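Just below is one structure, and these are the notes that go with it.
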Amino acid sequence: MKKYFYVFTIQYLGYRFHGWQKQPNVKTLHLMVDRTLNFILEGKRFKSLSSGRTDAMVSAENAAFELFLFEPIEDKNAFLELFNHNLPQDIRATSIREVDAAFNIINHSKIKEYLYLFTYGEKCHPFCAPIMTTILDDLDIDTMKLGAKLFEGEHYFKSYCYKPTENGIYDREILLCELVKNTIYSANYFPKNTYLLRVKGKGFMRNQIRLMMGTLIDLGKGKLSIEDIKNSLLPSSNTRMEYIAPASGLILNNIQFE
């Protein structure tokens, strides 16, 4: 029986979801996407696979999933419109394209870019909570910028893996890591100064970026030094970074399939 393959790009606000993967008795993104697909496909057989999991409360500007069908989509624009009409308001599909059977959304080489949005020094408007982390302590942003650049390149990231094992692959490459002033997101209830950690790479371990962000926050507070971060990236390091930054500040910004 012939199969048809489609890749969708979607955006979502993750604040009320328990991540992507379906789990018993909780609301997840995959559950809501499949419920919507089942409704608009009127019970026809299908399967959907994500390009990767996201944690609870993590949002996305540009995530992707693959849809497997046994009948073709005749009008992709009409299907996309119908899909969006039935999705909940905090999920939006932005594109659809057909691919061939050789494409595998999980194994296909890809570059992911994440953003982590944060501010510090004041209690923020509650509306900030779904996408921005607030650190009430003062932070040394200039030192944090220097610390962020240390993650760029090939390093040993075992210190930045949640519950690492002895046989894990911890030699990883970060293509870009920079801490900059936020010029992407704005709202009249945002504080005056907000910041972004931008991280780009081919593969990330569980909670890796949130552990990197947590380390930079501890650096900004003076709890860690630049030397501590340098040493944590060495193959001989036994350091375990403990502070996992809150999930709601993390945004999957882009996926680029190679």
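The values are calculated or read from the model by the stated rules, or taken from the named source; none is laboratory data. Given the structure is predicted, the values throughout are model-derived calculations rather than measurements. We place every Cβ from the backbone using ideal geometry, glycine too, and count neighbours over all the protein chains shown. For accessibility, only protein heavy atoms count, side chains too; no ligands or nucleic acids. Shrake-Rupley method; radii C 1.70, N 1.55, O 1.52, S 1.80 Å.
Before moving on, here are some points about what is shown:
- The condition of being over 24 Å from Ser50 (Cβ atoms), of a type outside the set (A, V, I, L, M, F, W, C) and either open to solvent by 20 Å² or more (accessible area, probe 1.4 Å) or over 20 Å from the mean Cα position of the chain (by Cα) (or both) holds for Glu178.
- Count - residues of the range 181-190 that are touching a residue at least 24 places away in the same chain (Cβ under 8 Å) and closer than 22 Å to Leu219 by Cα: 1
- Taking the criterion of being of a type in the set (S, T, N, Q), more than 24 Å from Phe127 (Cα to Cα) and not in a strand (DSSP E or B), the residues of the range 200-258 that qualify are Asn207, Gln208, Thr215, Ser225, Asn231, Ser232, Ser236, Ser237, Asn238, Thr239.
- Selection status of Arg35, in contact (Cβ under 8 Å) with a residue 60 or more places away in the chain and not in a loop (DSSP other than H, G, I, E, B): no
- Some residue of the range 41-51 being open to solvent by less than 40 Å² (accessible area, probe 1.4 Å) and closer than 30 Å to Phe118 by Cα: yes
- Some residue of the range 160-174 being surrounded by 11 or more Cβ atoms within 10 Å (Cβ to Cβ), within 20 Å of Ala60 (Cα to Cα), modelled with pLDDT of 95 or more and touching a Gly at 6+ places or on another chain (Cβ under 8 Å): yes
- Contacts under 9 angstrom Cβ, first residue in the range 129-154 being aliphatic (A, V, I, L, M), partner assigned to a helix (DSSP H, G or I) and surrounded by fewer than 20 Cβ atoms within 10 Å (Cβ to Cβ), 6 or more apart: Ala129/Tyr15; Ile131/Tyr15; Ile135/Lys221; Leu139/Lys221; Leu146/Ile226; Leu150/Ile226; Leu150/Lys230
- Picking from residues in the range 1-17 that are assigned to a helix (DSSP H, G or I) and touching a strand residue (DSSP E or B) at 6+ places or on another chain (Cβ under 8 Å), the one that is surrounded by the most Cβ atoms within 10 Å (Cβ to Cβ) is Gly14.
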